[in-house]
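Novice: For reference, the structure I am asking about is given below.
The values are calculated or read from the model by the stated rules, or taken from the named source; none is laboratory data. Values in this document were obtained by computation on a predicted structure and should not be read as measured data. All Cβ positions, glycine included, derive from the backbone under ideal geometry; neighbour counts span all protein chains shown.
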Amino acid sequence: MNKEKWVWMPHPGHFCGCWNCNFRMNTYVGKYIVSTVGEYLPDGRDGKRHTLGLGKTDYYETMVFRARKSNNKCCPYEMSSGEVDTERYGTPEEARKGHLKMCEKWSNRKKEESKYVWKPSKITH
């Protein structure tokens, strides 16, 4: 999918605590949604950031989900699967670059998608 057709959506795409994150990016790219959140401050404005992963410096994360059309005019696409890819970062610069890199990766996935489709094997008795 060309970058010109990407849909930038104004709401975070994943993470139950997303409304306590100051950093949010959510982009529809082809058949996928790329969502990045970070700067998680669950205790309000006390200034103490919390990590989003198991690492001590995982303050930002990007997750990719399959997408489907939604009825919401604001965000015309929604997640339709569990995550299919994840990456974590320590800085907002890394998170922004990582989000764009995931958008590139998954917007071009259609060409390769057939490689990843599960096909049942024949069972013989």
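Novice: Can you find a residue in the stretch 22-39 that is of a type outside the set (D, E, K, R), free of Cβ contacts under 8 Å to residues at least 40 places away in the same chain, over 20 Å from LEU100 (Cα atoms) and out of contact with any Leu (no Cβ under 6 Å at 6 or more places or on another chain)?
Specialist: No.
Novice: Applying the selection to the stretch 28-59, what residues are within 19 Å of MET79 (Cβ to Cβ) and either of a type in the set (D, E, K, R) or buried (at least 22 other Cβ atoms within 10 Å of the Cβ) (or both)?
Specialist: Answer for the stretch 28-59, where residues must be within 19 Å of MET79 (Cβ to Cβ) and either of a type in the set (D, E, K, R) or buried (at least 22 other Cβ atoms within 10 Å of the Cβ) (or both): TYR28, VAL29, LYS31, TYR32, ILE33, VAL34, SER35, THR36, VAL37, GLY38.
Novice: Of all residues in the stretch 14-35, count the ones that are in a loop (DSSP other than H, G, I, E, B) and hydrophobic (A, V, I, L, M, F, W, C).
Specialist: 2
Novice: Pairs, please: C-beta under 6 Å, at least 6 apart or cross-chain, first residue on the phi > 0 side of the Ramachandran plot and among the β-branched types (Val, Ile, Thr) and in the stretch 2-15, second surrounded by 10 or more Cβ atoms within 10 Å (Cβ to Cβ) and modelled with pLDDT under 90?
Specialist: none
Novice: Any idea which residue in the stretch 8-22 is farthest from ASN108 (Cα to Cα), counting only those that are more than 13 Å from the chain's Cα centre (by Cα) and surrounded by fewer than 17 Cβ atoms within 10 Å (Cβ to Cβ)?
Specialist: Among those that are more than 13 Å from the chain's Cα centre (by Cα) and surrounded by fewer than 17 Cβ atoms within 10 Å (Cβ to Cβ), it is ASN20.
Novice: Of all residues in the stretch 60-78, how many are at pLDDT below 90 and surrounded by 14 or more Cβ atoms within 10 Å (Cβ to Cβ)?
Specialist: Counting residues in the stretch 60-78 that are at pLDDT below 90 and surrounded by 14 or more Cβ atoms within 10 Å (Cβ to Cβ) gives 1.
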